[in-house]
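**Q** After the structure tokens below, expect a handful of questions from me.
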Amino acid sequence: MSNYRFDRLKILVVDDNAHMRKLVVTILQAFGVVQIFEAENGERALHVLRESNPDVIVLDWVMEGMSGLEVIHAIRTNPQTPNPFVPVIMLTGHTSMDHVRQARDAGVNEFIAKPVSVKTMMSRLVAVIEHPRPYVRTGVYFGPCRRRRGVEEYRGPERRSETPKQQAAE
Amino acid sequence: MKRQQPIELFMPPNMLKAKVGGGLGGIDMAAMKRAEAAMDTLKSEFNDWIAADVKALIEARAAYAKAPGGNARGALLRRAHDIKGQAPTFNFPLIARVAGSLSRMIGELPESTALPLGLIDAHVNAIQVIHKKGLHDTSDKIAQALCAELDARVDEVLAAAPK
């Protein structure tokens with residue numbers, strides 16, 4: 001029993017599919033989250049973000065207009081963003097390692113491959129609460145450290161590059 | 001590579017933990033049970049949801065056939081991608097597999113290459129049939145053969161596409 005006060009959280013759910021939003025919102029409400037904001041596209045998400053300053057964002061990848069990756073980029077780099085450190089849980093039907101890498105390189109904190117399950121949603125929520133990652137700022141990247149473990153203990157060769165990786169729109 | 005700018009690594013204060021507490025840091029089993037129960041109550045709506053998704057896919061296919069340029073291709077991809085991600089939740093794993101094949105083809109074919117309408121239709125028709133017949137069993141031999149055939153045809157199309 002962890003006794004989390006999920007009722008104190010503000011969560012923004014961004015998905016262009018109303019059914020998926022309802023599914024995620026239902027799960028979060030059952031967890032005890034009270035303040036849940038919804039956005040049906042990236043542009044609306046950024047507006048809600050500025051107005052409501054959520055604690056966590058659950059974000060779809062493939063959407064009309066701004067993709068989830070573009071939304072994350074705006075969150076991390078746009079000066080108008082109230083909190084560039086806000087944890088982002090990426091929710092997507094993409095499941096290949098290449099897509100996971102793209103999401104990681106865009107600055108997501110956690111990744112959920114659809115179909116959504118209660119267990120996965122809980123585990124990712126707990127992960128952003130209990131295991132926040134350090135943040136990195138380089139000339140071309142700002143976001144959670146992409147090396148998930150052992151940053152402090154790492155003694156191997158320096159592989160971090162300043163070279164931007166090409167990120168597909170989707 | 002010579003660095004132009006130093007790399008800054010820092011740990012922001014954990015405001016989330018301060019906000020929600022949770023001494024043991026584990027899974028909240030009571031919240032999990034509540035959420036599972038809430039999902040069970042939602043299940044009565046899943047048939048309507050998958051029907052709406054299939055209808056949206058058919059409409060996106062019709063729009064693409066009418067005007068392949070512009071946003072129609074992206075819209076078709078999004079509908080297929082949505083179904084791929086959601087159909088397992090709605091207990092239609094076979095529909096998810098076919099939609100996955102369709103979204104793979106649309107997503108991996110270069111934008112400059114026209115989508116083969118016949119193969120799109122084969123996918124959309126298969127999804128309609130699986131939905132109408134209410135096929136949930138992934139071990140259904142006919143459905144398996146159909147999915148394998150669609151996968152193979154998509155492989156052929158992708159292999160023939162310009163790199």
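**Q** Please work out if B:G118 is free of Cβ contacts under 8 Å to residues at least 24 places away in the same chain, closer than 22 Å to A:M63 by Cα and either part of a helix (DSSP H, G or I) or out of contact with any Gly (no Cβ under 9 Å at 6 or more places or on another chain) (or both).
**A** For B:G118, the condition - free of Cβ contacts under 8 Å to residues at least 24 places away in the same chain, closer than 22 Å to A:M63 by Cα and either part of a helix (DSSP H, G or I) or out of contact with any Gly (no Cβ under 9 Å at 6 or more places or on another chain) (or both) - is not met.
**Q** Just to check your reading of the model, which residue among B:M32, B:M15 is more than 16 Å from A:K22 (Cβ to Cβ), touching a helix residue (DSSP H, G or I) at 6+ places or on another chain (Cβ under 7 Å), at pLDDT below 95 and surrounded by 13 or more Cβ atoms within 10 Å (Cβ to Cβ)?
**A** None of the other options fit; the residue is B:M32.
**Q** Which number in (1) of a type outside the set (S, T, N, Q); (2) closer than 17 Å to A:M122 by Cα; (3) more than 7 Å from chain B (Cβ to nearest Cβ) marks the one condition that A:V14 misses?
**A** (2)
**Q** Could you go through region A:46-60 and let me know if any residue there is within 21 Å of A:T120 (Cα to Cα), aliphatic (A, V, I, L, M) and either surrounded by fewer than 20 Cβ atoms within 10 Å (Cβ to Cβ) or within 11 Å of chain B (Cβ to nearest Cβ) (or both).
**A** Within region A:46-60, one or more residues are within 21 Å of A:T120 (Cα to Cα), aliphatic (A, V, I, L, M) and either surrounded by fewer than 20 Cβ atoms within 10 Å (Cβ to Cβ) or within 11 Å of chain B (Cβ to nearest Cβ) (or both).
**Q** Given the criteria farther than 23 Å from A:Y141 by Cα, in contact (Cβ under 8 Å) with a residue 60 or more places away in the chain and in contact with a strand residue (DSSP E or B) (Cβ under 9 Å, 6 or more places away or on another chain), does A:V24 qualify?
**A** yes
**Q** Out of everything in region B:65-109 that is among the charged types (D, E, K, R) and over 19 Å from B:L146 (Cβ atoms), what residue ends up being farthest from the other protein chains (Cβ to nearest Cβ)?
**A** Within region B:65-109, the match that is farthest from the other protein chains (Cβ to nearest Cβ) is B:K66.
**Q** Looking at (1) free of Cβ contacts under 8 Å to residues at least 12 places away in the same chain; (2) buried (at least 23 other Cβ atoms within 10 Å of the Cβ); (3) out of contact with any strand residue (DSSP E or B) (no Cβ under 9 Å at 6 or more places or on another chain), can you tell me which one B:D48 breaks?
**A** Failing condition for B:D48: (2).
**Q** Continuing with the same structure: Whether any residue in region A:17-40 is within 19 Å of A:H94 (Cβ to Cβ), of a type in the set (D, E, K, R), within 13 Å of another protein chain (Cβ to nearest Cβ) and out of contact with any helix residue (DSSP H, G or I) (no Cβ under 7 Å at 6 or more places or on another chain) is what I want to check.
**A** Yes, that holds for at least one residue.
**Q** A further question on this structure: Considering A:P87, A:P115, which residue is under 25 Å from B:G100 (Cα atoms) and at the interface with chain B (Cβ under 9 Å from one of its Cβ atoms)?
**A** Result: A:P115 is the single residue among A:P87, A:P115 that is under 25 Å from B:G100 (Cα atoms) and at the interface with chain B (Cβ under 9 Å from one of its Cβ atoms).
**Q** B:A37 - would you say it is modelled with pLDDT of 90 or more, closer than 19 Å to A:D16 by Cβ and part of a helix (DSSP H, G or I)?
**A** Criteria not met by B:A37.
**Q** If I filter region B:129-136 for residues that are surrounded by 13 or more Cβ atoms within 10 Å (Cβ to Cβ) and in contact (Cβ under 8 Å) with a residue 60 or more places away in the chain, do I get at least one hit?
**A** Scanning region B:129-136, I find at least one residue that is surrounded by 13 or more Cβ atoms within 10 Å (Cβ to Cβ) and in contact (Cβ under 8 Å) with a residue 60 or more places away in the chain, so the answer is yes.
**Q** Tell me yes or no: at least one residue of region B:110-123 is more than 17 Å from B:A65 (Cβ to Cβ) and within 13 Å of chain A (Cβ to nearest Cβ).
**A** yes
Rundown of residues vs (1) crowded, with 19+ Cβ neighbours inside 10 Å; (2) assigned to a helix (DSSP H, G or I), yes/no style:
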site	(1), (2)
B:V54	yes, yes
B:A62	no, yes
B:L76	yes, yes
B:H123	yes, yes
B:E149	no, yes
B:A152	no, yes
B:A159	no, yes
B:K163	no, no
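The values are calculated or read from the model by the stated rules, or taken from the named source; none is laboratory data. Small disclaimer: the values here were computed from a predicted structure and weren't measured. Using ideal geometry, Cβ is built from the backbone for each residue, glycine included, and neighbour counts are taken over all protein chains shown.
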